[in-house]
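The values are calculated or read from the model by the stated rules, or taken from the named source; none is laboratory data. Bear in mind that the values here come from a model prediction, so they are computed numbers and not experimental data. All Cβ positions, glycine included, derive from the backbone under ideal geometry; neighbour counts span all protein chains shown. These accessible areas exclude ligands, DNA and RNA; they are computed on the full protein's heavy atoms, side chains included. Shrake-Rupley method; radii C 1.70, N 1.55, O 1.52, S 1.80 Å.
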Amino acid sequence: MPLLGSRGAGAAKGFGLTASGTPPIDVDYLVVAGGAGGGGACSTYGAAGGGGAGGYRTSFPGGTQLTLDAGCYAVVVGGGGTGQGCGNPPGQPFCGAAGRGGASSFNAGPTGISSTGGGVGNAVYGPSCFGDGGSGGGQQWGTSSTTPNNTGNLGGYTPPEGNDGGISYRPYNTGGRGGGGGGAGEPGGLGNNCANSGGRGGAEADNSITGSPVVRAGGGGGGGGRPPPGGLSNGAASPGGTSGAGGGGSPANADVNSGSGGGGSSNTNPPQIGGNGGSGIVIIRAPGSAAISVSPPTNTVAPESGDQVATFTVSGTLTYG
């Protein structure tokens, strides 16, 4: 089993040679879990919440790096959760485990780094289930602003891996608008019944570990009423980027390898299934002189400002030495 520890960024590289004759190295990481699927709304009872973003954990820049000895390290890239139905017809549950985003990890275990999949966006009058996660899914449930949110940072990490989902509170027995899913940068927004719009998905976080700033892990927008359709995405990403998906009659799917949540469904007729969450990503930045390789070949290693960056878009293995 190779050594994997941690110490402050900027520490001296290695304390000497290992048994293989290869010195330890310090690396930075970005580990983003899969985003969750958005909730599906039944046409009679209001809109559904957006999916929560996958947990987002990084050491770059200036955080505590990992120390690697020569060896092989397992990398898991979490899948995005599937959009959920409204519970009618049968076979489309209000929310289920398949809607939760998959966990991502680098050398999972006490000495590795793991992040938690996003929490499912929940539907009106459905059970509040699987809604907690790296970031929490949006709620469509409750009669007041004191209704509990679906919580983020389910892994209990410091700093936190994500934020809570938003809620939508409504007068008794009337349809509400879906809350936004939590994002890496902020909690999900409240559904606004007066404006007939869903809650905004929580903002992403940006990071330049690859050399250029990229935003990831936005919450899915909550579903809105009719008309007008749709909750808003957070809008922080450029067109075609990795913004959390907006709710609406045909909820949007989050981008692949974004870790963002899928959009929640509006209360259209016929009912719609929520949008799918985006899969996660794992990135390791190592010294340029280190003998680093990755498998399978879908994953890549590229030079960057004297370092090298290993990017995992699918699960695989990083080998050092």
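Close amide H contacts of E304 (hydrogens built in the peptide plane, cut-off under 5 Å, sequence separation of 5 or more or a different chain): V309.
Our estimate of slack between T298 and T64, defined as 0.36 nm per intervening residue step minus the Cα-Cα distance, is 81.4 nm. In terms of the mean number of neighbouring beta-carbon atoms within 10 Å, the peptides 287-298, 62-73, 106-117 order highest first as 106-117, 62-73, 287-298. As a fraction of the 1.4 Å probe accessible area of the stretch 281-321, surface on carbon and sulfur atoms comes out at 55 percent.
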